[in-house]
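Below: one structure, written as structure tokens.
Since every read-out is calculated from the coordinates, none of them should be taken as a lab result. Just so you know, these numbers come straight off a predicted model, no measurement behind them. Cβ placement follows ideal geometry from the backbone for every residue including glycine, while neighbour counts extend to all protein chains displayed.
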Amino acid sequence: MSSSSSIDQPNVITCKAMVAWEAGKDLVMEEVEVSPPQPQEIRVKVICTSLCRTDITAWESQAIFPRIFGHEASGIVESVGEGVTEFVKGDHVLTVFTGECKTCKHCESKKSNMCQVLGLERRGVMHSDQGTRFSVKGKPVYHYCAVSSFSEYTVVHSGCAVKVSQQAPLEKICLLSCGVAAGLGAAWNVADISKGSIVVIFGLGTVGLAVAQGAKLRGASQIIGVDINPEKYEKVAAKCFGVTDFLNPNEYNEPIQQVIKRISGGGADYSFECIGNTGMVTTALQSCCDGWGLTVTLGVPKTNPEIASHYSAFLSGKTLKGSLFGGWKPKSDLPSLVNKYMNREIQVDEFITHNLPFEDINKAFTLMREGKCLRCVIHMPN
């Protein structure tokens with residue numbers, strides 16, 4: 001890796017990145033050129049990045065290639081672009097896939113975290129100029145969620161990075177930049193789970209187990225986990241995150257929503273769909289109790305994005321809500337989550353099932369596709 005940069009006039013950096021050239025094909029280690037940060041942008045030396053299910057979904061199905069995936073990451077600011085006053089070289093940061101400009105209508109509202117300026121970027125480019133900051137042999141390489149952390153260096157908008165304490169371990173807190181925070185926020189911010197309530201969670205991956213942790217910390221009396229992988233319960237759910245009942249739909253001869261209604265005495269107070277299956281959204285809604293049952297959907301579907309449900313579910317008083325990043329305003333709220341972790345008020349380490357070097361990132365993809373991991377943390381070379 002070569003670098004020629006200064007604080008005032010950073011230059012192009014050449015470094016290693018894992019590039020996706022085709023949908024579903026192994027990532028390839030390439031020498032990439034990373035442009036200097038443009039106005040209101042920062043260039044970050046990635047320290048650790050963890051693989052999220054959303055990376056897998058996009059890698060398998062999206063048509064924008066070549067591309068550098070990765071969005072759940074921690075790093076150190078290497079240089080800053082014109083107009084950046086919040087960050088300086090050496091700051092420790094988390095990258096975030098949805099930003100916070102702090103000035104738009106949604107950022108100023110307490111009801112939303114859907115920034116209108118730095119919201120979810122789907123076209124593989126930067127928010128500011130619709131261009132890329134990566135290239136291979138002069139040809140552009142596209143971004144993912146305006147982060148692209150499967151690279152030794154990346155460029156992000158300053159509104160899509162969060163400064164964190166330098167005492168916080170970057171190899172752990174990278175999980176708070178997406179999955180763990182999304183689940184905790186869904187439980188606390190979106191559903192606002194009350195003490196003594198009954199909760200059902202469909203999908204016991206990282207997000208679902210983070211919902212379980214949030215429900216446990218709120219004092220839920222019963223936390224029902226639904227997953228077709230029995231190892232999810234035997235290995236982690238029961239002993240770490242508060243799941244009191246585990247249901248495998250494959251082991252029952254009746255619809256799982258009927259089982260849930262029976263063991264919960266009429267249905268759950270709160271239901272969470274964490275799989276990314278719109279059919280399961282309907283099942284989750286049917287698993288809630290009448291009158292006040294609330295279903296929150298967090299998963300990103302690969303196919304069939306439309307949700308179908310009978311109107312009677314809503315006529316009976318049930319509610320269906322969506323959740324993006326657990327309702328957290330990233331720059332405003334993530335530092336407090338990091339502090340909770342540092343004060344041992346929330347669990348993060350327990351979600352990490354594998355630690356792998358950067359060159360083994362394809363192994364992480366295989367482990368997640370086979371359901372053999374929660375989070376694989378990828379460690380960049382020193």
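Charging the Cβ of each Asp and Glu at -1 and of each Lys and Arg at +1, and nothing else, the dipole of the chain about its Cα centre rounds to 600 debye. With q set to 0.11, 0.22 Å⁻¹, the log10 of I(q)/I(0) for the stretch 183-324, from the Debye formula over equal scatterers at the Cα positions, is -0.33, -1.49.
Can you give me the Rg/Rh ratio for the stretch 200-282, using Cα atoms for both radii and the Kirkwood formula for Rh? Looking at the stretch 200-282, the ratio lands at 0.92. When we measure straight from the Cα of residue 331, which lysines land under 20 angstrom away, once same-chain ones fewer than 8 places off are left out? Within reach: 45, 89, 102, 105, 110, 111, 163, 172, 340. Among DSSP bridges having both ends in the chain, what percentage is antiparallel? Round to the nearest 5. Close to 60 percent.
Take each peptide in 361-374, 219-232, count the other Cβ atoms within 10 Å of every residue, and average; sorted highest first, the result is 219-232, 361-374. Evaluated at q = 0.09 Å⁻¹, the base-10 log of the normalised Debye intensity for the chain, with identical point scatterers placed on the Cα atoms, takes the values -0.50. Can you classify the stretch 1-153 as rounded, prolate or oblate using the Cα gyration tensor, where a ≥ b ≥ c are the square roots of its eigenvalues, rounded means a/c under 1.5, and otherwise it's prolate if a/b beats b/c and oblate if not? Because a/c hits 1.5 or more and a/b fails to exceed b/c, the stretch 1-153 counts as oblate. Considering only 317, 336, 284, the residue lying farthest towards the positive end of the dipole of the stretch 263-352 is 336, judged by Cα position with unit charges set on Cβ.
Using a Förster radius of 35 Å, what is the FRET efficiency between residue 315 and residue 343 based on their Cβ-Cβ separation? Nearest 0.05, please. According to the calculation, E is roughly 0.20. Compared with the direct C-alpha span, the chain from residue 262 to residue 14 gains 83.3 nm at full extension, assuming 0.36 nm per residue.
Residues within the reach of a label modelled at residue 228 (point 7 angstrom out along Cα to beta-carbon, backbone nitrogen below 17 Å), restricted to the stretch 353-379, are 368-373. Convex hull of alpha carbon positions in the stretch 268-382: directionally averaged projected area 10.0 nm².
Each label was represented as a point 7 Å from its Cα along the Cα-to-Cβ direction; for residue 105 and residue 137 these points are 4.8 nm apart.
Remark: relative contact order (the chain) = 16 percent; criterion is Cα-Cα distance under 8 angstrom and separation of 6 or more residues.
Applying both filters, DSSP loop and at most 14 other Cβ atoms within 10 Å, to the chymotrypsin sites (Phe, Trp or Tyr not before Pro) of the stretch 4-78 gives 21. Assuming charge only on the beta carbon of Lys and Arg (+1) and of Asp and Glu (-1), the dipole of the stretch 183-324 about its Cα centre is about 300 debye to the nearest 20.
Taking the charge dipole of the chain about its Cα centre, with +1 at Lys and Arg Cβ atoms and -1 at Asp and Glu Cβ atoms, the residue from 230, 29, 75 reaching farthest to the positive side is 230. Selection among 295, 219, 275 by position relative to the dipole of the stretch 183-324 gives 219 as farthest towards the positive end (Cβ unit charges, Cα centre).
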